[in-house]
Amino acid sequence: MTAGEHTAVQPPRASAWPARWPTVAGIAFGAALAAAFWFGVSDTAQVAQVLTAAGFVYLGAAALGRRSAAWPLFGLTFVLLGVGFAVPGFDPFWALLALVVVLAVYGVVRGRIRPGWGLPLQGAAMAVVVGVAVAVALLGQPWAGVIVGAGLLGHAAWDVHHLHARRVVSSSLAEFCCALDAVLGVAVVVLSLAA
């Protein structure tokens, strides 16, 4: 090496793990839910509640006007779905629906009807989610599974849109939810059609 040459010191490479934790966690969570469905621990109606919970989180964050509210709202859905799984007779769908009404009224009273991509759009999306839940309750397999799986895949696209727009929910929640919805949606469609 000559006197004028010097080597550049490369900074240590940062791990991709901290930046991608929502994707990794979403894949793991989605795979666990898919395994529960595959082994018969859960059924199509319980998987549909995951879609209802996703709609609830988005509507709730829009009604509260805080993207950061998404993770606490997700935590609430996690508890409600867990109670529904463990306690016979408790249906988390109705609890989530009641909370949706309360949050929607709160959001309207607080003037959250603007912008249009906030509470109004999230309310319309929640209506679609409720429609999917009703269809799942009325249909038998494999169509119930195909519809809920398609609903989850549609919500994964919804997550991607909100991740790129950086609206309504935190980016980490949108990324996590996209991975979860995609993994679980594909698994439910495939397993329903294979049955």
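So the values come out like this:
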item	result
Packing-based order for 152-164, 34-46, using average beta carbon neighbours within 10 Å, highest first	152-164, 34-46
Accessible surface, 1.4 Å probe, highest first, among residues V50, V109	V109, V50
The chain, accessible surface, carbon-and-sulfur percent (1.4 angstrom probe)	72
Within-12-Å neighbourhood charge of A156 [Cβ basis; K, R +1; D, E -1]	-3
Overall Cα dimensions of the chain - principal axes, largest extent first, Å	80, 47, 27
Tensor-based shape of segment 16-130 (alpha-carbon gyration tensor, a/c under 1.5 rounded, otherwise prolate or oblate)	oblate
Helix-derived mean residue ellipticity, 222 nm - over the chain, DSSP H n ≥ 4, -39500 (n - 2.57), to 500	-25500 deg cm²/dmol
Longest site-free stretch - the chain; sites: trypsin sites (Lys or Arg not before Pro), DSSP loop, at most 13 other Cβ within 10 Å	14-109
Å² of accessible area per residue within the chain, as computed with a 1.4 Å probe and no ligands counted	54
Cα gyration tensor shape for segment 116-195, rounded if a/c is under 1.5, else prolate or oblate	oblate
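The values are calculated or read from the model by the stated rules, or taken from the named source; none is laboratory data. Source: prediction; values computed, not measured. Using ideal geometry, Cβ is built from the backbone for each residue, glycine included, and neighbour counts are taken over all protein chains shown. Accessible surface is based on the protein model in full, side chains and every heavy atom, while ligands, DNA and RNA are left aside. Shrake-Rupley method; radii C 1.70, N 1.55, O 1.52, S 1.80 Å.
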